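None of the figures in this text is laboratory data; all of them are computed from the coordinates on show. Treat the numbers as computed from the prediction; the structure is a model and nothing was measured. Ideal geometry is used to build each Cβ from the backbone, glycine not excepted, and the neighbour counts take in all protein chains shown.
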Amino acid sequence: MFENKIKITAPFWQQYINLIREEMLPFQWSVLNDEADIKIEKERDADHIPAEKSHAIENFKIAAGISKGKHYGMVFQDSDVYKWLEAVAYALHQHQDNALQKIADGVIDLLAKAQQSDGYLNTYFTIEAPERRYKRLYQSHELYCAGHFIEAAVGYYSVTKNQKILDIACKLADHIDDVFGSEDGKIHGYDGHEEIELALLRLFELTKNDKYKKLANFFLYERGKNPNFFKEQQKTDPSTKPVIEGMESFKPEYYQNHKPILEQETAEGHAVRVMYMCTGMAMLARLNNDEKMFEACKRLWKNIVTKRMYITGGIGSTVIGEAFTADYDLPNDTMYCETCASIGLIFFANNMLKLDVDSQYADIMEKALYNTVIDGMALDGKHFFYVNPLEVVPQLSHKDPGKSHVKTVRPAWFGCACCPPNLARLLSSLDEYMYTVKDDVIYS
Ligand SMILES: [Zn+2]
């Protein structure tokens, strides 16, 4: 739940908070509507990254039957809109802005139209491949996108009391609960990209509906029980065509389903996925008083911050899979250190603080915030880093194919635009991270 009761007045942070409301959110809205005169760049040299336009709002219009055409963009393009909407919620909490709220309310009306009668909400599969729904979970990002929408709904409802967005979210979560779970006839599986777990727990905290907490518990405990799950599940897909090129060869470690999460000793695979998983784990540990889960969180936390994190708070040592590699493997010139991964580390740290008021969590949060989060945006609010380098040799960024991801100048937008709206939602909700309440004490 979003429940901050303070306002940040420090000039340093005020400048960021104002920048997001005044520049970044309007800019991102124009990008999502393909109205910005910008060059969208691929985050690295790869043929499969769609970088002609965003098309994210248009995808929803097509799915809603308002417009005609094909889906464009990454299969998870919807999440760009959801993260933007969540950022708008927090910006409105900072400062009432009727024009901005009107735009956001319009987006919610559009989402309601794009939602299918059974609650399903995803533009790619609705427009292009309804027969492939939930058939290729390791690539589809369907529950990942659902999670980002639910987070936006929790944030927006908390600030504006817009019932429509909460109704869409509950209908979507109820639908997912109908399809996934341990009962016979349901899919005994989970998404290739964690996010739904933490989102369902946020929805539980808001609605107090136990069903959402139970479903998050199922997703977390099911993960890794069968490391071949994704391979086996793919056989149900009527098409052999990947929905994301280049992911076919990734091993279970990439998706953190190589073993049950309670048995995972080290952070493996895609760094953002690990962080969203750990955030969900820490939330569940708190909400269920789950000691074993808390121990697993502490184990992964220790491995990350003592052996697999850069001095900047950046995580992810390789561009291949945007992933962790091995203890103490922290090259400065080929690192990944994605902005989203550091944002995820802050989510994880914040939830660890709620379990255990220990300053180490706040220290890491601050380290990442100052070094690999705010450096992810330029001070015009309109240019962003996807990866946050520690060492750059400009000629090599252009000539060494192993360093095409190490940019020397922040692009305006990316083919895979996960980071810019993630920055917007974190920085506009920064007051959530300034203090921790435990029993009758406030820690700041
Ligand atoms: Zn990102």
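What the table below lists for this structure:
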item: Qualifying position, being at positive phi, touching a residue at least 12 places away in the same chain (Cβ under 8 Å) and either assigned to a helix (DSSP H, G or I) or within 16 Å of the ligand (Cβ to nearest atom) (or both), among Gly313, Gly280; result: Gly313
item: Among residues of segment 384-404, those that are within 12 Å of the ligand (Cβ to nearest atom) and of a type outside the set (A, V, I, L, M, F, W, C), counted; result: 2
item: Hits in segment 353-370 (condition: of a type outside the set (Phe, Trp, Tyr), away from the ligand (no atom under 16 Å from the Cβ), outside any loop (DSSP other than H, G, I, E, B) and out of contact with any strand residue (DSSP E or B) (no Cβ under 7 Å at 6 or more places or on another chain)); result: Leu355, Ser359, Gln360, Ala362, Asp363, Ile364, Met365, Glu366, Lys367
item: Exclusive hit being part of a helix (DSSP H, G or I) and either within 28 Å of Thr408 (Cβ to Cβ) or not small (Gly, Ala, Ser) (or both), set Ile346, Ile320; result: Ile346
item: Scan of segment 255-277 for residues that are in contact (Cβ under 8 Å) with a residue 60 or more places away in the chain, within 16 Å of the ligand (Cβ to nearest atom) and not hydrophobic (A, V, I, L, M, F, W, C), ordered by number; result: His270, Arg273, Tyr276
item: Breaking point among (1) touching a Ser or Thr at 6+ places or on another chain (Cβ under 6 Å); (2) assigned to a loop (DSSP other than H, G, I, E, B); (3) within 16 Å of the ligand (Cβ to nearest atom), for Thr408; result: (3)
item: Yes/no for Arg286 being more than 16 Å from the ligand (Cβ to nearest atom), farther than 30 Å from Glu131 by Cα and not β-branched (Val, Ile, Thr); result: yes
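Residues are listed down the side, and each one gets a yes or a no for (1) touching a residue at least 40 places away in the same chain (Cβ under 8 Å); (2) surrounded by 24 or more Cβ atoms within 10 Å (Cβ to Cβ); (3) assigned to a helix (DSSP H, G or I):
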{"position": "Ile103", "(1), (2), (3)": "yes, no, yes"}
{"position": "Leu110", "(1), (2), (3)": "yes, no, yes"}
{"position": "Lys113", "(1), (2), (3)": "yes, no, yes"}
{"position": "Tyr120", "(1), (2), (3)": "yes, no, no"}
{"position": "Tyr134", "(1), (2), (3)": "yes, no, no"}
{"position": "Tyr138", "(1), (2), (3)": "yes, yes, yes"}
{"position": "Ala146", "(1), (2), (3)": "yes, yes, yes"}
{"position": "Ala152", "(1), (2), (3)": "yes, yes, yes"}
